[in-house]
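Student: Encoded as structure tokens, here's the structure I'll be asking about.
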Amino acid sequence: MSYKPFNIVVILLFFIGVLLVFFKIISIWLLFIVVLAYLFFLLLISTNVQWNFFVKAYNNNLAATNRDIALTFDDGPVENTLAILALLKKYDVKASFFCIGKNIQENPGIFKKILLDGHLVGNHTFSHTRKMGFLRTQQVIEEINRCNKIAFEVGGVNLKTFRPPFGIINPKVERALKSTGHQVVGWNVRSYDAILNSKNFILNRIIKNLKPGDVILLHDNNLQTVEILEQLLLFLQNNNYRSVRVDNLFQLHAYS
């Protein structure tokens, strides 16, 4: 769906609502409730990249004809990433890492190792600011470009895939992506490993409905994720799943 025509219709409906209140056809409280519902709806669509409301995101491959899935890791590279890489190497699988620019800057050797081991790296903004949903378009562009710049300086790669922090996609992020030309990679299996403490609950959440073409979201800056990952890799191995890079799952160009 295109956001602009939708928003124009909403504005028109709002003014119609104001007129109805003015002529006492409806109450102001009803209009207030409708406005709150609309704001809540905007919050939902802006924080759920999987809904593809503002941009097309690659969340899962429903057309997958084999047992390929994609393991993806956000928020590195950090020291804990090394343990993640060791496990991936042990089980001979490939994954995708959406890296924060300032962490690449602080841990260049780990970033280079991700590339050396044959995994994909993608853009996760430079600072991963909690104000992501409130940034102006130019600020989003700067966040993306700064991450790309440091990734090129350290690893010699020009990143073309992007995962928005917190899954936030709004009209300003949409305009920024049109400017930078990045392809958005989302997910359809969210582990909540950065929020929940129960390793068994997180693992079961991932595997209970797992199917070919799924994209799993994990975090390589979380210590407990290492333990969860080993159990997950055993499950994948025992059930004949293969973890591949997202560019291979969706036939994307990872770098330019």
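Student: Enumerate the pairs (first residue in region 101-116 and under 19 Å from E143 (Cβ atoms) and basic (K, R); second residue anywhere and open to solvent by less than 50 Å² (accessible area, probe 1.4 Å) and not in a helix (DSSP H, G or I)) with beta-carbon separation below 7 Å, excluding pairs fewer than 6 apart on the same chain, so at least 6 apart or on different chains.
Tutor: Correct list of pairs: K102/F126; K102/S127.
Student: In region 198-222, how many residues are open to solvent by 10 Å² or more (accessible area, probe 1.4 Å) and among the charged types (D, E, K, R)?
Tutor: Residues flagged as open to solvent by 10 Å² or more (accessible area, probe 1.4 Å) and among the charged types (D, E, K, R) within region 198-222 amount to 4.
Student: Which condition breaks for T125 when tested against (1) at positive phi; (2) surrounded by fewer than 20 Cβ atoms within 10 Å (Cβ to Cβ)?
Tutor: (2)
Student: Which of (1) of a type in the set (F, W, Y); (2) under 18 Å from F53 (Cα atoms); (3) open to solvent by 60 Å² or more (accessible area, probe 1.4 Å) is the odd one out, the single condition W187 does not satisfy?
Tutor: (3)
Student: Ok, one more. Pick from L44, L30: which is at pLDDT below 70 and loosely packed, with under 14 Cβ neighbours inside 10 Å?
Tutor: Of the residues listed, the single one that is at pLDDT below 70 and loosely packed, with under 14 Cβ neighbours inside 10 Å is L44.
Student: Let me ask something else. Quickly run through region 91-126 and pick out the residues that are in a helix (DSSP H, G or I) and not aliphatic (A, V, I, L, M).
Tutor: Within region 91-126, G101, K102, N103, Q105, E106, P108, G109, F111, K112, K113 qualify.
Student: Among (1) under 20 Å from T81 (Cβ atoms); (2) open to solvent by less than 80 Å² (accessible area, probe 1.4 Å); (3) aliphatic (A, V, I, L, M); (4) at pLDDT below 95, which single condition is I168 missing?
Tutor: In the conditions (1) under 20 Å from T81 (Cβ atoms); (2) open to solvent by less than 80 Å² (accessible area, probe 1.4 Å); (3) aliphatic (A, V, I, L, M); (4) at pLDDT below 95, I168 misses (1) alone.
Student: Moving on. Residues being open to solvent by less than 30 Å² (accessible area, probe 1.4 Å) and within 18 Å of the chain's Cα centre (by Cα): count how many of those fall in region 223-249.
Tutor: Residues meeting the conditions: 6.
The values are calculated or read from the model by the stated rules, or taken from the named source; none is laboratory data. Computed from a prediction, not measured in an experiment: that's the story for all the values here. Counting neighbours? That spans all protein chains shown, and the Cβs are built from the backbone with ideal geometry, glycine included. Only protein heavy atoms, including side chains, enter the accessible area calculation; ligands, DNA and RNA are left aside. Shrake-Rupley method; radii C 1.70, N 1.55, O 1.52, S 1.80 Å.
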